[in-house]
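Shown next, in structure tokens, is the structure this report addresses.
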Amino acid sequence: MADFRASTIYQIYPKSFCDSNGDGIGDIRGIIEKLDYIKSLGVDYIWSTPFFVSPLNDNGYDVEDYKKINPLFGTMKDVEELIAKAEERGMGLMFDMVFNHTSTRHEWFQKALSGDKEYMDYYIFKDGDPEKPPTNWQSKFGGSAWEYVTSLKKWYLHLFDVTQADLNWENPKVREELKDVIRFWKKKGVKGFRFDVVNLISKPDVFEDDTLGDGRRFYSDGPHIHEFLKELVADTGIDEMVTVGEMSSTTLDNCIRYSNPDEKELSMCFNFHHLKVDYKDGNKWELMNPDYRKLKELFETWQTKMEQKNGWNAVFWCNHDQPRIVSRMGDEKKYWKESAKMLATCIHLLRGTPYIFQGEELGMTNAGYGDISEYRDVESINYYQIMLKEGKNEEEALEVLGNRSRDNSRSPMQWNSGKYAGFSESEPWIGIPDNHKYINVAAEEQDSDSILNYYRKLVRLRKQYAVIQNGTIEFIYREQPEVFGYKRLLKGQELLVVNNLTGSEVVLQEILHFEGYEYLIGNYPQEISGDTLKVLKPYESVVLLKRI
Ligand code: TEU
Ligand code: CA
């Protein structure tokens, strides 16, 4: 399998990718049907979000059985075929391991509920007064992070939905159970793993109220996190496999340790700081325009420090929890193509492993649902009610969801301009935006200048040029917020990447000199004459290479 430093990874959300049996819900045979399309993108690995047995309260991130396939998505045979057929095409499967919590339907939790002490210790149960939760910690989906069980006269911790009970990683039996899950899928031929909110698994020895926040400072990058990761990786022998940890509210120092090869923990990390630069006062549910200065500072810090300390970033704009980037930081209308290509250029030439979330390569936009009845996501439905309680009216709350809801990325993949966008023969579980009539694979295949074909070029460049894979990075135009520029350097090669983050022309504070450089890629017809550049067009990207 390809080295992750030269690789690009494609993320699939099975429920919304392709429906093979006409029930309006995407499935595993649907992924198998589209393997040639995925291969045509040039990607090396496919990360699929969970399709294990689950009541789907959080679309599979509430796992009831880690070793069984949810019949809604298919069978174990389908999964084995998917792994084999992907491998035939030189692609590896990365499975999503949700090890911070299980569904409360999981047999372990059911046994705990029946009062079985051994299994109660698989979770975090606390005595306490039924009127007062053990701490003031908040669930990330809103409300208290504690649920009282009358029959046990105890509270249990759930950092996410009430049906997602946090596991007690202090318990070696729990750690053994989860290692077994890894060994099970490794034997099935899975080539890598994504670990869900894995930096939240180590809870503090003492559970106390958070007088400053919602409790996350007590359990994010917790006391034994590096020990637990080292043990998990060593005991399951996955050090050579491609692994990525989703790190919620994490720190740079911890992510350097998580991804530095000497630490023998993970290959790389997802951090989300760059996706909070449009959160007003850090609040996801308060809208503001992206703070480009902050965005650039974050990228520069995480890129240069990870380089200095030999850590490795996963670089991405989109996933199944984030709104669509072209809607968020680009332009859905006049400069839709240019802005989508510019945003891709910004991250695909950085130092790190790029991730493409299904539909991002088409420039898919936020779904634009107009009524709360069109939303499906537990977090969005909860916060709609919370926003109304906090005084927003329905229109205001819907506007926030229209920009922030996770459902914006969960609308069905748009394969063609058909009634259900080629996703299914019947009405999908969630709505499809009208713009699927022109934003779809079939249309963009025909257009050599499409966003789809631009993504293919970017993926190819990373394979072709060692400077993109392993070059050092140096940021330029640091003082000009609307210009996102950097150089990648490796003996013999120098790459110059300049992007205009805005929809207006930008005069470069320093003229860009590039004599001896060749034009590599850009999102406007190549009109660069001479060897200087003074003005960038709206959302323009220019990438130049010099062989030194
Ligand atoms: O997401 C973790 C996570 O932190 C997200 O919930 C994110 O912060 C939030 O959606 C942004 O508002 C992971 C999975 O990616 C997500 O789909 C699951 O819901 C969550 O964990 C619980 O498993
Ligand atoms: Ca289906």
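Residues considered: Gly522, Gly492, Gly471. Of these, the only one that is farther than 19 Å from Ile347 by Cβ and among the small types (Gly, Ala, Ser) is Gly492. Within region 46-68, the set of residues being more than 16 Å from ligand 1 (Cβ to nearest atom) and crowded, with 18+ Cβ neighbours inside 10 Å comprises Ile46 only. Just to be sure I understand, how many residues within region 244-257 are touching a Cys at 6+ places or on another chain (Cβ under 7 Å) and more than 16 Å from ligand 1 (Cβ to nearest atom)? Number of matching residues: 0.
Restrict the check to region 223-234 and report whether at least one residue is within 22 Å of the chain's Cα centre (by Cα) and more than 17 Å from Leu178 (Cα to Cα). Taking every residue of region 223-234 in turn, none turns out to be within 22 Å of the chain's Cα centre (by Cα) and more than 17 Å from Leu178 (Cα to Cα).
Note on region 162-174: among residues that are within 16 Å of ligand 1 (Cβ to nearest atom) and in a loop (DSSP other than H, G, I, E, B), the one that is farthest from Phe109 (Cα to Cα) is Trp169. Restricted to region 2-18, and to residues there that are over 14 Å from Asn70 (Cα atoms) and not in a loop (DSSP other than H, G, I, E, B), the residue that is farthest from the chain's Cα centre (by Cα) is Ser16. A search for C-beta distances below 8 Å between a residue of region 7-33 that is within 18 Å of Gly90 (Cβ to Cβ) and any residue that is within 16 Å of ligand 1 (Cβ to nearest atom) and assigned to a helix (DSSP H, G or I), counting only pairs 6+ apart in sequence or on different chains, returns Ile31/Pro14. Could we say that Phe207 is farther than 16 Å from Glu263 by Cβ and in a helix (DSSP H, G or I) here? When the stated conditions are applied, Phe207 does not pass them. Scanning region 154-191 for residues that are polar (S, T, N, Q) and surrounded by fewer than 20 Cβ atoms within 10 Å (Cβ to Cβ) turns up Asn168, Asn171.
Scanning region 254-289 for residues that are among the basic types (Lys, Arg) and either in a helix (DSSP H, G or I) or more than 18 Å from Met329 (Cβ to Cβ) (or both) yields Arg257, Lys264, Lys280. None of Leu72, Leu82, Leu159, Leu152 is part of a loop (DSSP other than H, G, I, E, B), within 16 Å of ligand 2 (Cβ to nearest atom) and either closer than 21 Å to Ile12 by Cβ or not polar (S, T, N, Q) (or both) except Leu72. Residues in region 39-48 that are out of contact with any Lys or Arg (no Cβ under 8 Å at 6 or more places or on another chain) and free of Cβ contacts under 8 Å to residues at least 60 places away in the same chain: Asp44, Ile46, Ser48.
Counting the residues of region 11-43 that are more than 10 Å from ligand 2 (Cβ to nearest atom) and under 10 Å from Gly74 (Cβ atoms) gives 2. Only one entry of Leu157, Leu167, Leu178, Leu200 meets the criterion of being free of Cβ contacts under 8 Å to residues at least 60 places away in the same chain and among the hydrophobic types (A, V, I, L, M, F, W, C), and that entry is Leu157.
Looking only at region 85-104, residues that are among the basic types (Lys, Arg) and either part of a helix (DSSP H, G or I) or within 16 Å of ligand 1 (Cβ to nearest atom) (or both) come to 1 in all. Would you please name the residue that is nearest to the chain's Cα centre (by Cα), looking only at residues in region 315-347 that are in a loop (DSSP other than H, G, I, E, B) and of a type in the set (Asp, Glu)? Filtering region 315-347 for residues that are in a loop (DSSP other than H, G, I, E, B) and of a type in the set (Asp, Glu), the one nearest to the chain's Cα centre (by Cα) comes out as Asp321. Within the set Val277, Val206, Val244, the sole residue that is in contact (Cβ under 8 Å) with a residue 60 or more places away in the chain and either charged (D, E, K, R) or over 17 Å from Lys309 (Cβ atoms) (or both) turns out to be Val244. I'd like the full set of residues that are within 29 Å of Glu445 (Cβ to Cβ), within 19 Å of the chain's Cα centre (by Cα) and part of a loop (DSSP other than H, G, I, E, B), limited to region 378-417. Those that are within 29 Å of Glu445 (Cβ to Cβ), within 19 Å of the chain's Cα centre (by Cα) and part of a loop (DSSP other than H, G, I, E, B): Arg410, Ser411, Pro412, Met413. Any residue in region 225-236 that is outside any helix (DSSP H, G or I) and touching a residue at least 24 places away in the same chain (Cβ under 8 Å)? No.
Are any of the residues in region 112-119 touching a residue at least 12 places away in the same chain (Cβ under 8 Å), part of a strand (DSSP E or B), away from ligand 2 (no atom under 16 Å from the Cβ) and charged (D, E, K, R)? Among the residues of region 112-119, not one is touching a residue at least 12 places away in the same chain (Cβ under 8 Å), part of a strand (DSSP E or B), away from ligand 2 (no atom under 16 Å from the Cβ) and charged (D, E, K, R), which makes the answer no.
The residue list Met306, Met241, Met288, Met268 contains one member that is exposed (fewer than 15 other Cβ atoms within 10 Å of the Cβ) and more than 13 Å from ligand 1 (Cβ to nearest atom), which is Met288.
Taking region 19-45 as the range and being within 27 Å of Tyr375 (Cα to Cα) and either within 19 Å of the chain's Cα centre (by Cα) or within 16 Å of ligand 1 (Cβ to nearest atom) (or both) as the test, the residues that pass are Gly26, Ile31. Among all residues of region 326-336, there is at least one that is touching a helix residue (DSSP H, G or I) at 6+ places or on another chain (Cβ under 6 Å) and over 30 Å from Ser259 (Cα atoms). Residue count for region 1-18 under the criterion of being among the polar types (S, T, N, Q), within 16 Å of ligand 1 (Cβ to nearest atom) and touching a strand residue (DSSP E or B) at 6+ places or on another chain (Cβ under 8 Å): the result is 1. From the list Phe299, Phe357, exactly one residue is at pLDDT 95 or above and either within 16 Å of ligand 2 (Cβ to nearest atom) or within 15 Å of the chain's Cα centre (by Cα) (or both). Which is it? Sole residue among the options that is at pLDDT 95 or above and either within 16 Å of ligand 2 (Cβ to nearest atom) or within 15 Å of the chain's Cα centre (by Cα) (or both): Phe357.
The values are calculated or read from the model by the stated rules, or taken from the named source; none is laboratory data. Values in this document were obtained by computation on a predicted structure and should not be read as measured data. Positions of Cβ are generated from backbone atoms using ideal geometry, with glycine treated the same way; all protein chains shown enter the neighbour counts.
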